[in-house]
Amino acid sequence: MSQEIPETSIKNWQDEEMRSALDASGNVGLTSVADTPHPLQEKPSRFRRAWGGRTFRFNLSNFRLNGGLSSRRFSIVEASVLLILGILASKGLGVLRQSIFNAFFGIGPEANAFYAAIRLPDALFNLIAGGALSHAFIPVFLAYEKRQGQEEAWKLSSLIFNVMLLVLTVVVVVGEFFVPAFTRSLLVPGYTEAEKELTITLTRIMLFQPLILCLGTIVTGVLNSKRQFLLPAFAIAIYNLGLIAGLICTRLVPEVGIYGPTIGVLIASLLQVVVQVVPLLKQGVRYSFIWNLRHPGLLEVLRLLGPNSLSLAVVYIALIIETYFVSYLPDAGSLAALHNADMLQLLPYSLLSQAIGQALLPHLTVHAAAGRFVRMRQMALRVMGASILLTVPAALMLALGGQWLIRLIFQHGAFDTHSTELTYLALLGYVFAIPGVTAGDLMTRGFLALKDATTPLITNVVALLCRVGGIVMFLWLLPRPYIILSIPLAYALSALLEALLLSALLFGNLHRKVRQDRGMQRLLRYRLHLVGARAKKG
């Protein structure tokens with residue numbers, strides 16, 4: 001049974017932990033007790049050299065261009081920089097891709113059909129082999145590699161890939177038969193018959209995307225587990241090249257029309273997987289055809305995957321409900337305008353949440369697995385707090401310069417002045433969501449590091465109910481010219497509520513776990529030893 005630790009010891013231990021510096025190799029939380037300098041022996045000069053200790057270490061030499069760059073291990077800040085650069089490259093190409101797309105299709109029927117058609121493939125991929133699998137896989141892979149060794153970890157990766165590939169194949173084949181009923185009854189019932197038929201055709205083509213990306217998810221999970229972020233970061237950017245290739249095909253052969261970017265989605269998925277193969281091979285990956293549904297590692301991943309997938313299911317149910325309501329809005333270009341506005345607000349969210357959160361998760365997981373809850377709480381507070389604070393100026397800048405930005409990058413060809421005004425109106429609603437969405441995503445990663453996927457699921461359900469209720473409320477309250485704001489404002493309201501719930505639950509949980517921190521237990525024993533030694537001398 002763990003000993004009870006006084007609050008004064010907690011505070012003293014936190015102060016000392018802040019002065020712990022990262023070892024030369026950059027490994028987080030993998031040193032033994034003997035390798036860890038005692039807090040009372042820590043030198044101030046070392047603290048100055050490694051400001052922020054393990055959390056904010058940044059070494060420019062780690063970015064030198066040589067043969068080891070693609071296999072180098074990075075700290076949180078270094079990995080965040082790489083991911084931010086990758087996201088900026090992705091968003092730059094994404095803006096180019098979206099600008100070309102808007103010039104060809106504007107916010108007309110083909111564009112609306114395309115945006116609606118991508119909903120189901122994205123949902124299936126993310127529910128089964130996307131973010132849900134990645135979040136479940138990384139903590140288990142790290143723990144399994146530490147307990148069982150490298151060879152068994154590779155076997156676990158192969159098994160998970162085999163199972164996911166089979167499951168996705170079955171789901172896609174079944175999905176092809178149910179697409180028409182799903183589209184007509186649930187997704188876009190308010191569209192015209194021609195728009196519904198086009199949406200059904202495009203959905204059936206893009207349903208093959210999850211099969212291609214299944215491999216990419218496992219590869220990204222392995223590389224992130226080993227803190228390899230370079231090519232996974234830029235794989236995000238390369239994804240847009242496939243879509244641009246599809247649009248170029250439409251430009252060269254106008255008869256291809258909207259089918260150009262649709263095929264481009266499949267090409268983009270393939271490119272995203274291929275670019276990550278090189279760093280994976282450098283890690284010594286070994287694939288084996290293994291099939292054991294009772295494998296303990298697989299069962300642990302599935303235990304986390306279930307709540308993770310249900311959490312994402314809630315998110316995609318919300319998107320489908322949104323699309324349902326949007327199909328009845330008076331302006332026929334509402335869905336395309338919302339898509340363009342959402343793309344712009346995703347830039348600060350991606351930089352401040354996805355990049356930092358993806359770099360943060362392996363570090364939090366290592367601390368949680370080692371029982372270092374004090375360090376975990378400090379790291380979460382410092383990294384998450386700094387990220388959330390940065391969302392406020394980012395949202396203000398987007399609100400003030402959004403119309404000019406939309407006009408600059410989107411208002412070409414079929415994307416006219418009305419399209420700009422409608423998109424900017426939607427963007428004004430989305431900027432209110434940026435702080436809440438960023439905070440909620442970062443807090444969720446804290447729970448995943450603790451192997452708790454149930455709490456985020458519960459808060460997601462609460463947020464879904466709030467979101468649907470908000471849509472209905474704003475549709476009733478807002479005047480007709482501003483009715484499109486009902487979608488982003490309801491999203492912002494639900495995101496804020498979920499972020500507040502998650503933060504209260506996460507730090508309350510960590511506060512309780514602090515008293516069982518292994519490092520604090522060692523500190524208490526050391527202090528008791530000193531007291532005993534002094535008593536004997538006295």
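Please work out if F432 is modelled with pLDDT of 90 or more, over 18 Å from the mean Cα position of the chain (by Cα) and of a type outside the set (D, E, K, R). Before you say what the answer is, go through the steps one by one.
Details: modelled with pLDDT of 90 or more: yes; over 18 Å from the mean Cα position of the chain (by Cα): yes; of a type outside the set (D, E, K, R): yes.
So F432 passes the test.
If a residue must be of a type in the set (A, V, I, L, M, F, W, C), modelled with pLDDT of 75 or more and over 22 Å from the mean Cα position of the chain (by Cα), how many such residues does the range 268-297 contain?
4
Within the range 274-307, restricting attention to residues that are part of a loop (DSSP other than H, G, I, E, B) and among the basic types (K, R), which residue is surrounded by the fewest Cβ atoms within 10 Å (Cβ to Cβ)? Write out each step before concluding.
First, pick out the residues of the range 274-307 that are part of a loop (DSSP other than H, G, I, E, B): 275-276, 283-295.
Then drop every residue that is not among the basic types (K, R), which leaves 286, 294.
On the way: R286: 12, R294: 6.
Restricting to residues being part of a loop (DSSP other than H, G, I, E, B) and among the basic types (K, R), the top hit is R294.
Can you list the helices (runs of 4 or more DSSP H) found entirely within the range 93-185 that contain at least 2 residues being surrounded by fewer than 17 Cβ atoms within 10 Å (Cβ to Cβ)?
Per the criteria, 131-148, 150-182.
The values are calculated or read from the model by the stated rules, or taken from the named source; none is laboratory data. Because the structure is predicted, anything quoted here is derived from the model rather than measured. Glycine gets a Cβ as well: all are built from the backbone with ideal geometry, and neighbour counts include every protein chain shown.
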